[in-house]
1. With angles folded into 0 to 90 degrees, how steeply does helix 18-38 sit against the dominant principal axis of the chain? Use alpha carbons for both and round to 10.
2. Computing the accessible area with a 1.4 Å probe over protein heavy atoms, can you report the carbon and sulfur percentage for region 1-67?
3. May I ask for the angle, rounded to the nearest 10°, between helix 40-64 and the longest principal axis of the chain, with both axes built from Cα atoms and the value confined to 0 to 90°?
4. Which loop trypsin sites (Lys or Arg not before Pro) in the chain, with loop taken from DSSP, have no more than 12 other Cβ atoms within 10 angstrom of their Cβ?
5. Take the chain, connect every pair of alpha-carbon atoms lying under 10 Å apart with a spring to form a Gaussian network, then pick out the residue of Leu29, Leu19, Leu45 with the largest mean-square fluctuation.
6. Which three numbers, in whole Å and largest first, are the semi-axes of the equivalent ellipsoid of region 1-67 derived from its Cα gyration tensor as √(5λ)?
7. Can you tally the lysine pairs in the chain where the Cα-Cα distance is under 21 Å and the two residues are eight or more apart, or on different chains?
8. Write out the chymotrypsin sites (Phe, Trp or Tyr not before Pro) in region 6-42 meeting two conditions: DSSP loop, and at most 16 other Cβ atoms within 10 Å of their Cβ.
Amino acid sequence: MVIAASWVLSIVGSWCNFLTLFYIAFLLLHMVPVFYEKYEEKVDLFAEKAMVEIKKQYAVFNVKVLSKIPIGPLKTKKV
């Protein structure tokens, strides 16, 4: 997750400088909680629908890709 976040930051950072990114982050950190309090029901409903869709997509991905990856026997550690 850290690698993915660093990758996204490097891509966004190539579009603009650090001060601009800092300013955008500062604004978002102050605006998002206010908007969430104002539209909490709508945001929660949307998040619930998004989680259902993500779970469906993961189930398809699991069947088509992850289940086909062979898993070998695990080595046990000797103490």
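The values are calculated or read from the model by the stated rules, or taken from the named source; none is laboratory data. Since the structure is predicted, the reported quantities are computational estimates derived from the model, not experimental observations. Using ideal geometry, Cβ is built from the backbone for each residue, glycine included, and neighbour counts are taken over all protein chains shown. Accessible surface is based on the protein model in full, side chains and every heavy atom, while ligands, DNA and RNA are left aside. Shrake-Rupley method; radii C 1.70, N 1.55, O 1.52, S 1.80 Å.
1. With both axes taken from Cα atoms, the answer is about 90 degrees.
2. Answer for region 1-67 is 75 percent, counting heavy atoms of protein chains only.
3. Roughly 30 degrees between the two axes.
4. Working: sites: Lys38, Lys42, Lys49, Lys55, Lys56, Lys64, Lys68, Lys75, Lys77, Lys78; in loops: Lys75, Lys77, Lys78.
For trypsin sites (Lys or Arg not before Pro) across the chain that sit outside H, G, I, E and B with at most 12 neighbouring Cβ atoms in 10 Å, the list reads Lys75, Lys77, Lys78.
5. Per the Cα network of the chain with a 10 Å cutoff, Leu19 tops the list.
6. On the way: eigenvalues 172, 107, 9 Å².
Result for region 1-67: semi-axes of 29, 23, 7 Å.
7. For the chain, qualifying lysine pairs total 6.
8. Taking region 6-42 and a limit of 16 other Cβ atoms within 10 Å, the loop chymotrypsin sites (Phe, Trp or Tyr not before Pro) found are Tyr39.
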